[in-house]
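Here the structure is laid out as structure tokens; the discussion comes afterwards.
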Amino acid sequence: DIHQISGGAKKRKNIDEKAYKIFTKEEDINNLPEIKQHIIRELTDELTTHKQGIKYYVTLDVEFHKAAEDVVTDIPPTFRSQVYSLLTAEELQIEDQTDEIIDEIEKAIDEYIENGSGWIFTRFVKLQVKIFDYEAIRGRRYIDLPPYIKNKQAVINVDNRDDKCFIWAILSALHPASSHPQRVTKYLPYVNELNSDGLTFPIDPTNKKVIDKFESNNNVSVNIFYDEDGEIVPVRVTEKK
């Protein structure tokens, strides 16, 4: 059974956060179809109030244990989907997206078990559906980084004046500059090495087919993250290793 946690629904700026307690039989990973149906109902309900569409992602907390040591994960790890967009309550599209979400989470759980030194799935603990007002995400020209990211000095923010932010970001990763990495001139010599067939600028980073094709054409892996009111959320996590 899935029940909303008391006080679990809250609104932070343009983000609706809803949390649900999951009551399942232990070691019943087959509960994912019920979780999927719950997500579908939640998205369908939300689209009745968000007339301009929604962006959303799903998190699922999972408890594991080690049988030989009688140890349980103190803090259940959280598995998070990519960000998805819905403009209408079209049943087929919602079904397809929730299938992708369940597949993402199943793969992540399998990887956790394979790399977790003996962890065994116990049960699902908590489901969260985080929903944003829809605004098209476009990789356009330069904007300054928010201080909490800039101060980490871990992100290269190329100061471009065209609509090809995506290309400059890729080149800055492929050809690290030893000085002034924010300057476009550092990457101009490498522009023609990328195959950008099929790309329209500014690029839509949520267009899976386009990014998949770019990865294939250039033998690169592309992960895309989005800053939503101070929270970093995945727009795309590559399937290409």
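The values are calculated or read from the model by the stated rules, or taken from the named source; none is laboratory data. As the structure is a prediction and not an experimental result, all values here were calculated from the model. Quick reminder, even Gly has a Cβ in these numbers, built from the backbone with ideal geometry, and neighbours come from all protein chains shown. Ligands, DNA and RNA are excluded from the accessible area calculation, which covers all protein heavy atoms including side chains. Shrake-Rupley method; radii C 1.70, N 1.55, O 1.52, S 1.80 Å.
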Query - Subset tally (residues that are under 26 Å from the mean Cα position of the chain (by Cα), open to solvent by 80 Å² or more (accessible area, probe 1.4 Å) and of a type in the set (D, E)) for the stretch 183-207 - result: 1
Requested in this report: Working only within the stretch 55-77, note down all residues that are surrounded by fewer than 19 Cβ atoms within 10 Å (Cβ to Cβ) and in contact with a helix residue (DSSP H, G or I) (Cβ under 7 Å, 6 or more places away or on another chain).
Outcome: P77
Report summary line: How many residues of the stretch 159-180 are in contact with a helix residue (DSSP H, G or I) (Cβ under 6 Å, 6 or more places away or on another chain) and part of a loop (DSSP other than H, G, I, E, B)? The answer is 3
Query raised in the report: Can you spot a residue in the stretch 146-154 that is in a helix (DSSP H, G or I), open to solvent by less than 40 Å² (accessible area, probe 1.4 Å), over 26 Å from A108 (Cα atoms) and touching a residue at least 60 places away in the same chain (Cβ under 8 Å)?
Result: yes
Requested in this report: Looking only at the stretch 197-217, decide whether some residue is modelled with pLDDT under 85, among the hydroxyl-bearing types (S, T, Y) and in a strand (DSSP E or B).
Outcome: no
Query raised in the report: Pick from D159, D133: which is at pLDDT 85 or above and either open to solvent by 60 Å² or more (accessible area, probe 1.4 Å) or farther than 16 Å from I224 by Cα (or both)?
Result: D159
Requested in this report: Sort through D133, D163, D159 and tell me the only one that's of a type outside the set (F, W, Y) and under 30 Å from T48 (Cβ atoms).
Outcome: D133
Report task. Check H180 against each of (1) under 22 Å from Y142 (Cα atoms); (2) touching a strand residue (DSSP E or B) at 6+ places or on another chain (Cβ under 9 Å) and name the one condition it does not meet. Result -> (2)
Query - Residue pairs meeting the criteria (Cβ under 6 Å; at least 6 apart or on separate chains; first open to solvent by less than 20 Å² (accessible area, probe 1.4 Å), in the stretch 36-52; second part of a helix (DSSP H, G or I)) - result: I39/T98; L43/I94
Report summary line: Expected single match for over 30 Å from I131 (Cβ atoms) and exposed (fewer than 12 other Cβ atoms within 10 Å of the Cβ) among H180, H175 is H180
